[in-house]
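Below is one structure, written out as structure tokens, with a few remarks after it.
The values are calculated or read from the model by the stated rules, or taken from the named source; none is laboratory data. Quantities reported herein were computed from a predicted structural model and do not represent experimental measurements. FYI the Cβ positions are ideal-geometry reconstructions off the backbone, even for glycines, and counts take in every protein chain you see. Please note that ligands, DNA and RNA were not included when accessible areas were found on the heavy atoms of the full protein model with its side chains. Shrake-Rupley method; radii C 1.70, N 1.55, O 1.52, S 1.80 Å.
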Amino acid sequence: MKEFYRIKVAGLERDLPLCPINDTLKIGAFVIFGDVELTMAAARDLVKLMPEHDIIITAESKGIPLVCEMARQAGESTYVLARKAPKLYMKDIVSAKVKSITTAAQQTLYIDGKDAEKMRGKKVVIVDDVISTGESLKAIEELVKTVGGEIVAEMAILAEGDAIGRTDIKYLAELPLFNAEGDPIK
């Protein structure tokens with residue numbers, strides 16, 4: 001039984017641990033936290049694909065270092081973060097529900113009213129580390145549309161499972177799903 005999957009992305013190779021979702025399905029755990037080299041390389045390659053825009057948004061968690069580095073490399077001074085819980089400083093909160101493949105329960109994403117204003121009438125790029133089922137993307141799309149932003153691109157480092165081959169997203173590499181033995185599902 002295989003325990004890791006070797007992937008090449010942004011010119012770098014990494015071994016991803018295979019993690020069970022259920023008795024018949026595993027995913028390759030792609031975590032950029034702490035991997036500065038990979039974060040910088042992926043940001044570099046995504047920035048090259050990024051269309052003209054006004055602001056970038058991501059969901060709280062693994063997309064944070066990526067979007068921060070993308071904004072830095074693109075010479076931008078700000079980005080928007082959709083939070084997993086409202087914070088005391090947030091006012092005029094906008095929210096959307098999400099059910100992700102890597103999260104057991106349904107979650108809600110929240111943005112502050114000031115962040116909503118940053119997107120109103122603006123060209124917005126949505127960024128995530130991995131797009132799989134597309135549920136996280138849908139929640140962020142809902143947030144952007146609710147506040148009057150125009151989505152000009154949806155981007156990720158990896159497309160996984162059903163997202164592979166989608167023409168409406170831009171991504172750097174493909175990550176298959178795996179059977180119980182750790183073999184890629186075709």
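Points worth noting:
- Normalised by the number of residues in the range 47-186, the mean separation of alpha-carbon contacts (under 8 Å, six or more apart) gives a relative contact order of 22 percent.
- Placing a pseudo-label 7 Å from each Cα along the Cα-to-Cβ vector at residue 133 and residue 117 gives an inter-label distance of 3.6 nm.
- The GNM of the chain, with springs linking C-alpha atoms under 10 angstrom apart, assigns the highest mean-square fluctuation among 54, 45, 162 to 162.
- Candidate values [x] 1.02; [y] 1.86; [z] 1.29, label of the one derived for Cα Rg over 2.2 N^0.38 Å: [x]
- Entries in 87/118; 2/26; 62/170; 26/97 that, when Cα-Cα distance is taken, lie over 21 Å: 26/97
- J(HN,Hα) series, the range 161-172, from Karplus relation 6.51 cos²θ - 1.76 cosθ + 1.60, nearest Hz, glycine and proline x: x, 4, 6, 4, x, 5, 8, 8, 10, 10, 8, 8
- Integer Hz, Karplus 6.51/-1.76/1.60 couplings in order for the range 7-14, x for Gly and Pro: 10, 10, 8, 6, x, 10, 10, 9
- Computed 3J(HN,Hα) for the range 147-160, one whole-Hz value per residue from the Karplus formula 6.51 cos²θ - 1.76 cosθ + 1.60 where θ = phi - 60°, is 8, x, x, 10, 6, 9, 6, 10, 9, 7, 5, 10, 10, 10, glycine and proline marked x.
- Surface accessible to a 1.4 Å probe, per residue, for the residues of the chain, Å²: 50
- The chain - share of DSSP beta bridges that are antiparallel (%, nearest 5): 45
- Heavy-atom accessible surface of the chain: percent carbon and sulfur, 1.4 Å: 51
- Proximity of backbone amide H atoms, modeled 1.01 Å from N, is registered between residue 133 and 101 at under 5 Å, excluding neighbours fewer than 5 places apart on the same chain.
- Inter-site label distance for residue 48 and residue 85 at 7 Å from Cα along Cβ, in nm: 4.0
- Amide hydrogen neighbours beyond the local backbone of residue 175, cut-off 5 Å, H modeled: 159, 160, 161
- Estimated [θ] at 222 nm from DSSP helical runs (n ≥ 4, -39500 (n - 2.57)) normalised by residues in the chain, nearest 500: -7000 deg cm²/dmol
- In a fully extended conformation the segment linking residue 29 and residue 168 would gain 47.7 nm over its present Cα-Cα distance, using 0.36 nm per residue.
- Amide H within-cut-off set for residue 128, under 5 Å, with H built and near neighbours excluded: 155, 156, 157
- Two-site FRET efficiency, residue 37 against residue 150, from Cβ-Cβ distance with R₀ of 41 Å, rounded to 0.05: 0.75
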